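Let me begin by presenting the structure, written as structure tokens, before commenting on it.
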Amino acid sequence: MMKSDMSKEEFLTIADSLGFDIKDPHMEDLYPQVCNLMKAAAPIYDLDLTDVEPQTIFTPPGA
């Protein structure tokens, strides 16, 4: 299971490593949104995909 909650320090460390300006005031708005997204996505990691075949990926010629 993936960790679905993160501290603000972890969030800022990740944001900084991705090139975000962690001093930007919008980071205060972004942090709870990212936490909510992670909580909403957490059940994906609990899916039992034992008998599920991978999807065939179509790549058009010349791509």
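The values are calculated or read from the model by the stated rules, or taken from the named source; none is laboratory data. Remember, predicted model here, so these are calculated numbers, not experimental data. Virtual Cβ from ideal backbone geometry, glycine too; neighbours counted across all protein chains shown. Heavy atoms of the whole protein, side chains included, go into the accessibility calculation; ligands, DNA and RNA do not. Shrake-Rupley method; radii C 1.70, N 1.55, O 1.52, S 1.80 Å.
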Helix 26-41 against the longest principal axis of the chain: what's the angle in degrees, Cα atoms only, rounded to the nearest 10?
30
What angle do you read, to the nearest 10 degrees and between 0 and 90, between the alpha-carbon axis of helix 8-17 and the longest principal axis of the chain?
70
Leaving ligands and nucleic acids out of the surface, order LYS23, LYS8, LYS39 by accessible area at 1.4 Å, largest first.
LYS23, LYS39, LYS8
Can you pull the accessible area of ILE14 for me, 1.4 Å probe, Å² to the nearest 10?
80
At 1.4 Å probe size, with no ligands or nucleic acids counted, give the accessible surface of ASP51 in Å², nearest ten.
140
Give me the one-decimal nm value for the distance between modelled label points at TYR45 and LYS23, 7 Å along each residue's Cα-to-Cβ direction.
3.3
Rank these by accessible area, largest first, 1.4 Å probe: VAL52, VAL34.
VAL52, VAL34
